[in-house]
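The values are calculated or read from the model by the stated rules, or taken from the named source; none is laboratory data. Just so we're clear, the structure is a prediction, and the values are computed from it rather than from any experiment. Glycine also receives a Cβ, built like all others from the backbone with ideal geometry; neighbour counts cover every protein chain displayed.
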Amino acid sequence: MLALLTLLAGAALADAPPPSPPPLPPETQPEPHSSGDRRQGPFTRDTYPSEVSARPLALPAGMIRAGAALDLDYIRLSTYSWATGLGIAGSYGLFDRIELGAAASLGLAPLLEVDRVGVSGALLLIDGTTADLAVALGLDFTPFAGGLSPAVSLALPGRLLFTDQLFLTFGAELLRVWLWPALPQAALRLGMGAQLSSSVAVVVETDLLKLAWQAFFVQRFVLPLEVSATAAVTRGFDLHARVRVYSVADPRLAGTFTLAGSAYF
C-alpha cells in the first residue's frame, strides 16, 4: 500500500506545471511602449496617437501613410474663376526619426495634367513632452512649356505644447528656391492649434512675413489665413478639411478649399 501511494504521488508531481519564475525587480523590467496617451515616443502603429498635438513630426519606423486630397481653387478677376485639383502623397518611416515621402498634384479641369511632382525627407530632431522639432528637405518639379522647373525647399517644422489642448506651430515652408528660373522665397509661418478632443484638432496658421528676392517683394500687410481641421475617424484613417484665403483683408480675392484623407498602415 505504501509503495502504491508513493507511485501515485510521484505521478502527480510529474504532471504538475513548473513553478513560475520570480518577478524581475522594477529597475530591470523593460519599459513599455507608449499607449498613445503620452506626448513623447517612440510609437508603433498600434500606439500611434490619435491626438495631432502628440504625434511625432516623422513617422515611426515601418509605418506608411498614404493620402489623397481634392482642392477647389478660386480667384476673382472680372469674375470668379474656379479650378479643381487632385493631390496624392505617400510617406514611409525608414527609422523612428527619418521619414521619406513622395507626392504629386494633378489639375482636373479643364484637362487632366500634372502640376507638380516631388520627393521629400524629414529628420526628427527633438521629440519631447513640451517641444518638437524636425528638419525637412524637398525637391520637386513643375512642368511648363519649356520643360521642368525644379525647386528645393527647406523647413524646420516645430511645435510647442503649452497644455494638452493648446500648442504653437512654426517653421513650415521656411525657404524655397526655384532653380530655373532662379527665384528664392522665404516665409515665416506661425500657427496656433487646439486639440478639441482626443480625435479632433484645429490649427490656424498665417505667414507673418514673405520675401521673394527676384523683385524683393515683402509681403507684410497681405496676410494669408489657413484654417485646418483633422479628425481621427479610426485608428488607421484621418479626415482633413482646410480653408485658405490669400488675404484676410479681402478673403473673396483668392483661396482654396481642400478635403483630404490619410490612411496609416
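Table for the structure above
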| quantity | calculated |
| --- | --- |
| Residue list for segment 157-188, restricted to those being farther than 23 Å from A231 by Cβ, at pLDDT 90 or above and among the charged types (D, E, K, R) | R176 |
| Near pairs, Cβ below 8 angstrom, 6+ apart or cross-chain, from segment 252-263 (farther than 14 Å from T230 by Cβ and in contact (Cβ under 8 Å) with a residue 60 or more places away in the chain) to any residue that is buried (at least 17 other Cβ atoms within 10 Å of the Cβ) and hydroxyl-bearing (S, T, Y) | L253/Y246; A254/Y246; G255/Y246 |
| Matching entry among D37, D71, D46 (being acidic (D, E), under 19 Å from the mean Cα position of the chain (by Cα) and modelled with pLDDT of 95 or more) | D71 |
| Segments classed as strands (runs of 3 or more DSSP E), wholly inside segment 154-265, with at least 2 members that are more than 26 Å from R76 (Cα to Cα) | 158-161, 166-170, 175-179, 182-195, 200-212, 225-234, 237-245, 254-264 |
| Answer residue from segment 240-253, given it is at pLDDT below 95 and surrounded by 14 or more Cβ atoms within 10 Å (Cβ to Cβ) and is farthest from the chain's Cα centre (by Cα) among those | L253 |
| Some residue of segment 95-112 being outside any strand (DSSP E or B), among the acidic types (D, E) and surrounded by 14 or more Cβ atoms within 10 Å (Cβ to Cβ) | yes |
